[in-house]
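Reviewing the structure listed below.
Derivation of every value follows stated rules applied to the coordinates shown; laboratory data play no part. None of the values given here were measured: they were computed from a predicted structure. Note that each Cβ is placed from the backbone with ideal geometry, even for glycine, and that neighbours are counted across all protein chains shown.
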Amino acid sequence: MTSLASTIAADIQPIGHSSIPAKVGLALALAALADWLFYGERIGLSLSLFAIAIAVVSVLFNHAALDLRRALTSAAILVAGLVPALEDLNPLSFLILVAALLMALLLATNPETIELVERARALRNFILLGPFRFFPDALQIFNMSAFTRGIALWLLPAVLSAIFIALFAAANPVIEQWVSLLNPKIIIDYVSIPRVLFWTAMLALVWPFIHVRWRREKVVAAHVNDVPVPPPLPPLVPIEFLGPSTILRSLILFNLLFAAQSILDGLYLWGHVALPANMTYAAYAHRGAYPLIATALLAAAFVLVAMRPGGPAEKSTVIRPLVYLWVGQNVLLVASSILRLDLYVDIYMLTYWRIAAFIWMGLVALGLILIVARIALDRSNRWLVGANLIALTIVVYSCSLVNFDAFIADYNIAHSREVSGKGMPIDTRYLTQLGPQALPAIERMMQIRTDSTLIGCHDRLVETQRLDMAWRAWGFRSWRLQRRLDAEARGQSGNQQAG
């Protein structure tokens, strides 16, 4: 008589090392196909062709898990997903095609997953973990000799450093000039940093479809004493790939790279030192806010993975100070991004999206500080998520009470060329889009400049405000605005009578 002994997490089909080189070769071929179909081109039919190519290559390497019925069903799902994309590629048809491709792969290669919840969990793990498996799996091509172990230790630091350099080059024209001097021009013209990042993204996206590894719970029914315990599966990520040695090397490189960026910002952005020839201060200050925020988010993700609770790096007396230093540099990076955006807004005026960018940058900086707090206080990731959710809730609720329409209108008119003598001319069309809350600012503007466009904008907003005062559309903010407008009208009338 046997009994239920335990449950273990296992892959559906272990893949031998011998198939990895061929899979890497096909992944590179698919990345090359994506380059030819998508890079610098408009996307339409090309996306459907690429989806078919992924499906064909996936079947080529996973045909052992197929049977006729499931294969036909999967093919029907894929065809159904292709039809809307072939009709017209838009966000909805794109999502349908991706969902059909994922469902077809799950049905064809994961017969043990039957329940809806199990399938949803499998797809969730596939989407969240699959794109991060290419480089660890590709390392299996090599025998882990001393030489290849050294390569493994430096692979992650080198790859992430290249990504950080690419983001810094996008944000900083000085670094962009330095990078352009490192390679011959002919290589830069073709193998550009955006193209390398594109290939990296394509390899990460197609690899899970080629090297299929579903995670599931496998029930083992046997007496513990009757059946020997199977050897543990090799880790999804080799120990060297995210071990303390790799993390230490990464942090040393990252701190040096971020220090170079911080020093340049300190000199040119904060210190106003003269820039190199053929480069304007505006070109330096008005670009890079969003690439630098992407850099900070990537850095935060690395810190969370490297300093996971209970991990070997969390208690290291050498790694922890480097983490604190690096997070501090990231906070400084976010502050530089905020200053860049502020300089941009000072010239090109304020919009809702730019306010959202300021708020988002502040939340990113707070998130970085909370990561340090989690490490220093020895808290769990659940505590970190909860603290960030509380901060996000407070910010979102506070924003719901702020009159951004009036704030944007006041700022833009006060900093317009007509009022301040610098910046951009006032955009009356955007003022109209802000709604009646912009009326006080527009009326102040009309005391300086009166033309048919501004008068038309004012009249349309007055009519909109009149409609908003109907009891069905009534709001406390609209009521306060009406009282303010009435008070200003009475004040102007009294001044005219006194004159």
message: Can you give me the distance in nm between label points at R195 and A99, each placed 7 Å from the Cα along the Cα-to-Cβ direction?
response: 3.7 nm
message: Full-extension gain between R449 and L92, please, as 0.36 nm times their residue separation minus the C-alpha to C-alpha distance.
response: 123.9 nm
message: From the phi angles alone, apply the Karplus equation (6.51, -1.76, 1.60; θ = phi - 60°) to segment 155-166 and give each ³J(HN,Hα) in whole Hz, x where the residue is Gly or Pro.
response: 5, 4, x, 5, 5, 5, 5, 4, 5, 4, 4, 4
message: From the phi angles alone, apply the Karplus equation (6.51, -1.76, 1.60; θ = phi - 60°) to segment 335-343 and give each ³J(HN,Hα) in whole Hz, x where the residue is Gly or Pro.
response: 4, 5, 5, 5, 5, 4, 5, 5, 5
query: Amide H of L350: which non-local residues (sequence gap of 5 or more, or other chain) have their own amide H closer than 5 Å, using H built in the peptide plane?
result: N412
- request: Along Cα→Cβ, 7 Å out, is where each label goes; now give me the distance between the ones at A158 and V83 in nm to one decimal.
  value: 4.9 nm
- prompt: Could you give me the ³J(HN,Hα) list for segment 45-57, computed from phi with Karplus coefficients 6.51, -1.76, 1.60 and θ = phi - 60°, whole Hz, x at Gly and Pro?
  reply: 4, 4, 5, 5, 4, 5, 4, 5, 4, 4, 5, 5, 5
query: Sorted from fewest to most neighbouring beta carbons within 10 Å, what does the list I426, I319, I52 look like?
result: I52, I319, I426
